[in-house]
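Structure, as structure tokens:
The values are calculated or read from the model by the stated rules, or taken from the named source; none is laboratory data. Just so it is clear, the model here is predicted, and its values are computed rather than measured. Cβ placement follows ideal geometry from the backbone for every residue including glycine, while neighbour counts extend to all protein chains displayed.
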Amino acid sequence: MAEESAQSSPSAEVDDGVPELFQRSFPDVTFQAGRNAAGQAILSVDRKDAARVLRGCKEDPSLGFDYLRNLCGVDLEAQGIEVVYHLLNMRTKQNVAIKTVAPADDCWVEAITPFWPGANWHERETREMFGVEFVGHPDPRNLLLDEDMTIHPLLKAHPLADIELFQGVDVF
Amino acid sequence: MVADFDTIDININVGPQHPSTHGVFRMVLTVDGELVRDLDAVVGYLHRGAEKLLENQDYRQGIGIQDRTEYLAQFPAEQSYVMAAEKLGGFVVPERAEYVRVICVELNRIASHFMFMGAYGTDVGVFGTSFIYGFRERERVYRFFEELTGERMMYSYFRVGGLAWEVMDGFEEKARALLQELKRGINDINGLLTRNEIFIARTRHVGEISAERAIEYGLSGPVLRSTGVRWDVRKDEPYSVYDRFDFDVPVGEFGDCYDRYMVRLEEMRQAVRIVEQALDQMPKSGPIMPEKMPRMLRLPAGEVYVPVESARGEYGVYLVSRGGNHPWRCRVKSPCFTNLQALREMTVGEYVADSVVILGSIDLVLSEVDR
């Protein structure tokens, strides 16, 4: 931990009304709200509601979170894979991160590519890197990795190989 | 255009080793005569697992990897990474360091755009001339950076909290002299391309995309602004000291290749304006690192997504920390990765020869796409 003198006070409580806005728009969905270090809202939703909420973000003008900044996975090890969607509302300049968890033994989430073309490559990359199946994705091929590669390199279960091993031990 | 005789579609592989693909990138074009019917973009030839490496390196080593993910606009890449770590750790960057960062980032933007102008001229058939002009100017900036950081390309100059070391003697005078040369260089490129009849014929109304589709695809940077969407992270979500500068955000009208070129050209002029203001406002002395920075950086648990406006668009770093001296997860959202998704939509229906022009207009850097 850094010295106190070099640090500012931790980001103060922000009230941008984003969690309340989502709760009003989706009264039947349970949101777990949080804030990141920049004070932006994080909303965790159940996997069965995620695609519906994201469709609402894109198509409901009262929400207006129609710009997908980023989509990625995070390995939570025993809990499974967390899929994070970073969204932006360009008019109000508000950010929100929608999160959903796919359990490790039943690793899938619904694809948003059918209605959100910008998610296409991001979902393909998350699929190959973490092994999350994006159900309903129109083109679930490997993107960055070899076509026939079946391991998922960004999982913590796949640590980096020793550099000697990687280059071939008998080089020297 | 429908032929009144039977035609068959032919698949053509462009790349991965092809001078027009700006690196190792493959397009599988399905063509019907001269028209592109379908396009499959194949990326990943330059995938080095940067995100995995970032997870296994400590926060200072990660800065070096950021240079290598985006080797034409290294400073914005470094900046987003160190800003993410600073947000998590709650570090306050000294003002002087922020100004030096802005100067570096904007000069880097100019250098990157010069590289685009040069290569793009070659793409559309201004063979060689614009390339030499663009590279001459880019080299001036790189020489300045070399003096500042000791490296031509892989700078590793920013640190979490500030800068690695103090700027060289005569930084301000050298920067001002450089700006004068760059202004001439911008005018040279402008004179060479902007009103060039062949250039306009090759780029006007080629590869158009609408503002609605651009937002659906999540495009960013000059490709987004060329469609008329006035969104610039520097202006709309000001970070660092960008809120203290007076600069314009140029936008296009048609979202075609010519607009993308014009947006970049104007961005270079605006970058010159920002550097001039930054040199005026910069504190002449003062610290460049906070006092009492720990030698080994350990950040508290938490997460943050920090976007910056890189030369190619929104370069974001999503940093997840669980404590300790290296990130749990470091996602690099690279602008070209997202922008390249729209290539198919821009290209289908255009001529085969234009596919190279459209690809070039995205200004792609494959190391940043593949990471």
Does segment B:292-318 hold any residues that are of a type in the set (Val, Ile, Thr), facing chain A (nearest Cβ under 7 Å) and touching a Cys at 6+ places or on another chain (Cβ under 9 Å), and which are they? none
Is segment B:193-201 home to any residue that is assigned to a loop (DSSP other than H, G, I, E, B), farther than 15 Å from residue B:361 by Cα and within 14 Å of chain A (Cβ to nearest Cβ)? no
Does at least one position in segment B:140-159 carry a residue that is in contact (Cβ under 8 Å) with a residue 60 or more places away in the chain, closer than 26 Å to residue B:80 by Cβ and more than 19 Å from the chain's Cα centre (by Cα)? yes
Every listed condition ((1) away from every other protein chain (no Cβ under 12 Å); (2) among the aliphatic types (A, V, I, L, M); (3) under 25 Å from residue B:332 (Cβ atoms); (4) without any contact (Cβ under 8 Å) to a residue 40 or more places away in the chain) holds for residue A:37 save (1)
With the condition kept exactly as written, say whether any residue in segment A:72-85 is facing chain B (nearest Cβ under 8 Å) and part of a loop (DSSP other than H, G, I, E, B). no
Based on this model, can you work out whether residue B:96 counts as surrounded by fewer than 23 Cβ atoms within 10 Å (Cβ to Cβ) and modelled with pLDDT of 90 or more? yes
Taking segment B:343-363 and the residues there that are within 14 Å of another protein chain (Cβ to nearest Cβ) and crowded, with 24+ Cβ neighbours inside 10 Å, the one that is farthest from residue B:311 (Cα to Cα) would be B:346
Please enumerate the residues belonging to segment B:275-297 that are surrounded by fewer than 22 Cβ atoms within 10 Å (Cβ to Cβ) and assigned to a helix (DSSP H, G or I). B:276, B:277, B:279, B:280, B:281
Pick from segment B:202-216, criterion at pLDDT 90 or above and small (Gly, Ala, Ser), ranking: surrounded by the most Cβ atoms within 10 Å (Cβ to Cβ): B:214
Is there a residue being in contact (Cβ under 8 Å) with a residue 12 or more places away in the chain, within 11 Å of chain A (Cβ to nearest Cβ), under 25 Å from residue A:97 (Cα atoms) and part of a helix (DSSP H, G or I) anywhere in segment B:319-335? yes
Select from segment B:257-273 the residues that are touching a residue at least 60 places away in the same chain (Cβ under 8 Å) and surrounded by fewer than 23 Cβ atoms within 10 Å (Cβ to Cβ) and write down the one among them that is nearest to the other protein chains (Cβ to nearest Cβ). B:262
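For (1) away from every other protein chain (no Cβ under 14 Å); (2) farther than 30 Å from residue B:354 by Cβ; (3) of a type outside the set (Lys, Arg); (4) touching a helix residue (DSSP H, G or I) at 6+ places or on another chain (Cβ under 6 Å), each residue gets a yes or a no:
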| position | (1), (2), (3), (4) |
| --- | --- |
| B:27 | yes, no, yes, no |
| B:34 | yes, no, yes, yes |
| B:88 | no, yes, yes, no |
| B:136 | yes, no, no, no |
From the options A:150, A:100, residue that is touching a helix residue (DSSP H, G or I) at 6+ places or on another chain (Cβ under 6 Å) and either more than 10 Å from every other protein chain (Cβ to nearest Cβ) or surrounded by fewer than 18 Cβ atoms within 10 Å (Cβ to Cβ) (or both): A:100
Criterion (over 16 Å from the mean Cα position of the chain (by Cα), assigned to a helix (DSSP H, G or I) and within 27 Å of residue A:144 (Cα to Cα)) met by exactly one of B:60, B:136: B:60
Right, residue B:74: of a type outside the set (A, V, I, L, M, F, W, C) and surrounded by 19 or more Cβ atoms within 10 Å (Cβ to Cβ) or not? yes
Taking segment A:112-127 and keeping residues more than 10 Å from chain B (Cβ to nearest Cβ) and under 17 Å from residue A:80 (Cα atoms) leaves A:123, A:127
Going through B:297, B:279 one at a time, which residue ends up being more than 27 Å from residue A:91 (Cβ to Cβ) and in contact with an Asp or Glu (Cβ under 6 Å, 6 or more places away or on another chain)? B:279
